[in-house]
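Peer 1: Here's a structure for you.
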Amino acid sequence: MELFHLLVVVCLSLPSCLADGDDEFANYTITKRILPKHIAVGVATAAYQIEGAWNLDGKGEQVWDTFIHDNPSRVSDHTNGDVASDSYHFYKQDVAAMKEVGVNYYRFSIAWSRILPDGTLKKINQAGIDYYVNLFEELESKGIQAMVTLHHWDIPTALEKQGGWQNPKVVDWFVDYARLCYEKFGKYVQSWVTINEPKQICHAGYGLGVFAPGVVSPGVGEYLCARHVLLAHAKAWHVFDKEFRSKLKSRNTIVIDSDWYEPATHSKADAIAAEIKRQFVYGMYAHPIVYGNWPKIMIDNIAKYSKAQGFKQSRLPAFSQEEIELIKGTYDFLAVNHYTTYMVSALEDPNHVGGVSWDEDSGVNSYQKSTWKTAAIDWFKIVPWGFGKLLRWLKHTYGDKEIVITENGVSDTTGTLRDQHRIDYLQSYMSHMVDAIYDGVNVTSYTVWSIIDNFEWNQGFNAKLGMYYINMSDPEKRRIAKDSSKYLAKVIKTRCLIESGCE
Ligand code: NOJ
């Protein structure tokens, strides 16, 4: 049986894959109370969202600098990341906060243009290298491990001027940059992430154009980007594997974000539609790295729609056999960022041919229930059970792989120190994760986004996701503990997810 159909059949036979969108499930439900001892707990940030110092000490410009400076209204509160949480100057406060919470590791990203101002090896910026070495040493002195993301959406503007992620040369540009990072920082790093959330880079950045660099090329540019992201990741992973793995004793993977996609009804058509959507979202990047090519449903759908739309060939660029072999197996563990859930239904007319876009290529409808609780960002509905289902699906779809949760967390607009809603969110999401672990899903680490309030892309400082509040007008940018940081500290110490009753 061909893989996709096998997945649908398996999924139809599993209670966890079936429609479960009833409103009462959308509350902060607690299913398990104890976080197993083997689960490492970390916190995450990304360079542009926290560092500031956008043009200091030789840093080059990157696409988010350019995207927002060119048109400040691209961010809802017209702010930018020029200063942000100013971690460039206050990183020691970040590490002190992490120490206070007692986390095992810190996931953060390196700004490509801080160490290579024009993105290439033409000039290495020593001040940038020094900044990260100082941060690594501070972490080491506090016993906190480092999980490093090489690319969190900030491709240098000099490279974007040559086409950025749409130019095939980006593969080698990225590999040069990755090798330099392995060389300079390798001894400090326990886990490497090549690229964060390729879906956002490609779909939001080169499809819809709502993220930097703002290229509007749905259904075409976004696929070219995805192809190059996968090749860049794969080559950088192989460089790590061949040249660095044995001496560095660290691990390497790509972080893929995925919401959970729940069938809208118990009908077979909706179950298939939901599975198609999952393949278009997580599968688009995970299928190539696990099995070596795009998911078959993507290849088929996009070829079919491209033809009907008058394209001479499929808008989804094919991988050669050599490329398939190159990409296959380039992960040491599956890494997933997860925040929310959608319902999915089949189209009424299965022969409908929509417009040219990744969204329409899936050929299904997806939506969120208005009754679900919403965090500060409109897409951000709080649906803890979706997390458990996603984890079970990952195991059924990709096999019994180690899974690291590289991001999970919730936003608000006020930055209140009494952030009970964040405690409720973390508690219920972790609880559903533990439930999946009891069902045999091999989750080993859980990362909260984020340790500090920071610059939330299009939402600017309107959406706050930190466990430490920062008044962005305070020149000293003091990190002030919210209740959620104390909650997480207690969980790490006692392993109990609830106030009391774990005994
Ligand atoms: C995922 C992204 O990796 C991160 O940069 C962002 O802040 C969070 N989601 C929250 O939206």
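Peer 1: Which residue, chosen from Asn55, Ser320, Ser76, occupies the Cα position most advanced towards the positive end of the dipole of the range 3-494, where the dipole is computed from +1 (Lys, Arg) and -1 (Asp, Glu) charges on Cβ about the Cα centre?
Peer 2: Ser320
Peer 1: Assigning unit charges at the beta carbon (Lys, Arg +1; Asp, Glu -1) and nothing else, what dipole magnitude in debye, to the nearest 20, does the range 345-463 show about its Cα centre?
Peer 2: 400
Peer 1: Skipping prolines and chain starts, which residues have an amide H placed within reach, meaning under 5 Å, of the one on Gly292, given they are 5 or more residues away or on another chain?
Peer 2: The list, which skips near neighbours in sequence, is Gly329.
Peer 1: Please list, ordered by chain and number, the residues whose modelled amide H lies under 5 Å from the amide H of Ala335; skip anything fewer than 5 residues away on the same chain.
Peer 2: Ile254, Ile256, Val404
Peer 1: Which log10 I(q)/I(0) values does the range 84-168 give at q = 0.24 Å⁻¹ under the Debye formula, counting every alpha carbon as one identical point scatterer?
Peer 2: One equal scatterer on each Cα of the range 84-168 leads to -1.18.
Peer 1: Let me ask another. For Val443, enumerate residues with amide H under 5 Å from its amide H, sequence gap 5+ or separate chain, H modeled in the peptide plane.
Peer 2: For Val443, the qualifying residues are Ile403.
Peer 1: What nm value, rounded to one decimal, do you get for the distance between Asp82 and Ala481 when each label is placed 7 Å out toward the C-beta?
Peer 2: Rounded to a tenth, the inter-label distance reads 3.5 nm.
Peer 1: Quick one: what are the phi-derived ³J(HN,Hα) couplings along the range 291-305, Karplus 6.51/-1.76/1.60 with θ = phi - 60°, whole Hz, x for glycine and proline?
Peer 2: With coefficients 6.51, -1.76 and 1.60, one gets 10, x, 7, 4, x, 4, 5, 5, 4, 5, 4, 6, 5, 5, 5 Hz.
Peer 1: Can you compute 3J(HN,Hα) from phi for each residue in the range 442-457, using the Karplus curve 6.51 cos²θ - 1.76 cosθ + 1.60 with θ = phi - 60°, rounded to whole Hz and x for Gly and Pro?
Peer 2: Along the range 442-457, the couplings run 8, 8, 10, 8, 9, 10, 8, 9, 8, 6, 10, 4, 8, 7, 9, 6 Hz.
Peer 1: Using the Kirkwood radius over Cα pairs, work out the Stokes-Einstein diffusion coefficient for the range 56-116 at 4 °C and 1.567 mPa s, in µm²/s as a whole number.
Peer 2: So the translational diffusion coefficient is about 94 µm²/s.
Peer 1: D for the range 435-503, whole µm²/s, Stokes-Einstein with Kirkwood Rh over alpha-carbon pairs at 10 °C and 1.306 mPa s: what number?
Peer 2: In µm²/s, the coefficient rounds to 110.
Peer 1: With +1 on the Cβ of every Lys and Arg and -1 on the Cβ of every Asp and Glu, and nothing else charged, how large is the dipole of the chain about its Cα centre, in debye rounded to the nearest 20?
Peer 2: About 1060 debye.
Peer 1: A follow-up question, please. The range 322-377: which GluC sites (Glu not before Pro) are DSSP loop and have at most 14 other beta-carbon atoms within 10 angstrom?
Peer 2: For GluC sites (Glu not before Pro) across the range 322-377 that sit outside H, G, I, E and B with at most 14 neighbouring Cβ atoms in 10 Å, the list reads Glu348.
Peer 1: If you take the C-alpha gyration tensor of the chain, multiply each eigenvalue by 5 and take the square root, what semi-axes do you get, largest first, in whole Å?
Peer 2: 32, 29, 22
Peer 1: Next question, about the same structure. Let's test the formula: R0 of 30 Å, r as the Cβ-Cβ distance of Phe311 and Lys169. What FRET efficiency results, to the nearest 0.05?
Peer 2: About 0.75, to the nearest 0.05.
Peer 1: Let me ask you something else. Spin-label point model (7 Å from Cα, Cβ direction): what's the Cys502 to Gln420 distance in nm?
Peer 2: 2.1
Peer 1: Can you list the HN-Hα couplings for the range 474-491, worked out from phi with the Karplus curve (6.51, -1.76, 1.60; θ = phi - 60°), rounded to whole Hz and with x for Gly and Pro?
Peer 2: 6, x, 8, 6, 4, 8, 10, 5, 8, 4, 4, 5, 6, 4, 5, 4, 5, 4
Any read-out appearing in this document is the output of simple, stated calculations on the displayed coordinates, not a laboratory observation. Just so it is clear, the structure is predicted and the values come from calculations on it, not from any experiment. Here Cβ is always computed from backbone atoms with ideal geometry, including for glycine, and neighbour counts include all displayed protein chains.
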